[in-house]
Amino acid sequence: MDLEQLGLPRALAARLRGHGFATADDLCACNARELLDLPGIGPGALATIEAALEAWGRRLAVDPWAPYVCARHQRPTYDSSLTGLFLCARCQTEYGDLLGEPEFTSGETYRGFCAHCNRASTLIRLVQWYFCGNCERKVRSLGRGIAAHQHFARMWEEVVAPQLPDIELIEVDETRIRLAHEMTDNSTEDFEALVDGEVLAAFELKSGRGHMLRAGVGPLATSFQLDTTDCDGIYRIAQKYGRPTYLVNVQVVNRYSPPTVRHCGLEVVFADLWSLDDAWRDTRPRPRERKDAAYFATTMFRPLSALATHVLSDAFEQAAIRLREEGPPPLYRPAPRE
Ligand SMILES: [Zn+2]
Ligand SMILES: [Zn+2]
């Protein structure tokens with residue numbers, strides 16, 4: 001079939017002839033990357049060529065070096081690599097519904113802990129998808145985030161609820177797997193404490209490997225790092241409700257149960273808005289990333305066991321009044337720009 005019969009715009013057909021293409025077969029011998037390498041052929045021209053070929057039931061050659069499609073971005077990225085996760089049957093379904101069929105699912109089942117929901121199961125399978133570097137980090141962090149939520153809710157029941165029986169803790173922002181383009185709204189708090197259905201206080205959770213107040217294990221953290229976008233999220237939550245808002249940090253450590261891992265919550269600490277603001281030390285770009293992080297002194301934290309006493313104190317009501325009258329404190333100062 002001659003190039004003319006494809007019905008390409010005249011200028012594009014002339015450009016292709018200039019590159020030595022005479023027939024549709026010549027085009028179909030090439031792949032998309034090779035066409036894009038030619039002068040004057042951009043993504044728009046490529047899309048036109050692909051559409052014209054498709055109308056005749058033809059397509060470009062498969063690129064043997066094509067990048068793999070990141071399952072979370074749903075587009076090819078050159079840093080995509082095959083990533084394995086040990087998931088329980090329920091999470092396999094949840095991931096599969098969102099990301100599509102996995103590239104591989106182990107025939108064998110294992111006894112251990114699910115990398116996502118952290119539950120013990122005898123039906124764990126190794127499941128693999130392609131993820132870009134960023135998405136692999138995101139996906140691998142979900143299990144730790146869920147463990148932090150589970151641990152906070154459990155510790156609330158154990159430590160806080162006996163002193164505050166009329167207060168109900170509810171999880172607002174559930175951690176789940178999302179596609180990369182699904183915007184997450186970081187001005188939604190992770191938990192709310194309610195009294196008769198009214199918001200009494202809001203809690204935003206963070207998790208890390210270190211502990212702040214010697215109530216955990218391993219090396220003691222020397223400072224607390226929080227992305228400035230997360231600081232802005234906490235500020236907006238406080239502004240939205242005009243109710244005391246707290247940063248909660250949960251130490252999460254790995255306990256291996258080969259071939260799986262269990263994320264275990266240990267130390268739980270909290271900081272109020274003004275302590276956070278007072279403890280700010282520095283803001284600087286995060287290494288190898290475009291994000292800025294704010295650094296705080298760990299002295300701003302108090303143990304979770306002090307929360308109930310704090311909520312029952314005058315300081316709590318005064319904080320609510322101050323928030324209503326003055327709004328939240330700035331929490332951090334931006335990084336200096338050269
Ligand atoms: Zn699971
Ligand atoms: Zn990705």
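The numbers here are math on the coordinates, done by the rules we state, and not lab data. These figures come from a predicted structure and were not determined experimentally. Every residue, glycine as well, gets a Cβ built from its backbone with ideal geometry; the counts of neighbours run over all protein chains shown.
So the values come out like this:
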| item | result |
| --- | --- |
| From phi via Karplus (6.51, -1.76, 1.60), per-residue ³J(HN,Hα) for the stretch 271-276 in Hz, x at Gly/Pro | 9, 8, 4, 6, 5, 4 |
| Overall dimensions of the stretch 94-238 by Cα: Rg and Dmax, Å | 17.9, 50 |
| Other-chain or far-sequence residues with amide H under 5 Å of Val217's (modelled H) | Glu267 |
| Longest to shortest principal axis, alpha-carbon extents of the stretch 3-55, angstrom | 24, 21, 19 |
| Cα Rg over Rh - the stretch 192-321, Kirkwood | 1.00 |
| FRET efficiency, 1/(1 + (r/R0)^6) with R0 30 Å, evaluated for Asn186 and Thr109 via beta carbons | 0.25 |
| Most mobile of Glu189, Glu50, Glu317 in a GNM of the chain (Cα contacts under 10 Å) | Glu50 |
| Calculated FRET value between Asp2 and Tyr78, using beta carbons and R₀ = 35 Å, to 0.05 | 0.45 |
| Chain lengthening between Leu266 and Thr93 when straightened (0.36 nm per residue, less Cα-Cα) | 59.3 nm |
| Among 177-187, 51-61, the order from most to least packed when residues are scored by Cβ within 10 Å on average | 51-61, 177-187 |
| Amide H partners (placed H, <5 Å) of Cys70, local residues excluded | Arg75, Thr77 |
| The stretch 315-327 - phi-based ³J(HN,Hα) in whole Hz, Karplus 6.51/-1.76/1.60, Gly and Pro as x | 4, 5, 5, 4, 4, 5, 5, 4, 5, 5, 7, 10, x |
| Lys, Arg +1 and Asp, Glu -1 on Cβ, resulting dipole of the stretch 48-186 about Cα centre, debye, nearest 20 | 500 debye |
| P(r) weight above 20 Å for the stretch 1-149, C-alpha pairs, percent | 59 percent |
| Interchain or long-range residues, amide H under 5 Å from Ala201's placed H | Ala193 |
| Candidates Arg140, Arg33, Arg243: whichever shows maximal mean-square fluctuation once the chain is modelled as a Gaussian network with Cα springs under 10 Å | Arg33 |
| Calculated from backbone phi, Karplus (6.51, -1.76, 1.60) coupling profile of the stretch 57-73 in Hz, x at Gly/Pro | x, 10, 8, 5, 5, 6, 7, x, 10, 4, x, 7, 7, 5, 5, 8, 7 |
| Cα gyration tensor, the stretch 69-133 - rounded (a/c under 1.5), prolate or oblate | prolate |
| Calculated P(r) of the chain - Cα pairs past 35 Å, % | 42 percent |
| Added length on full extension, which subtracts the Cα-Cα distance from 0.36 nm per residue, Ala320 to Ala297 | 5.9 nm |
| Chain lengthening between Ala120 and Ala22 when straightened (0.36 nm per residue, less Cα-Cα) | 29.0 nm |
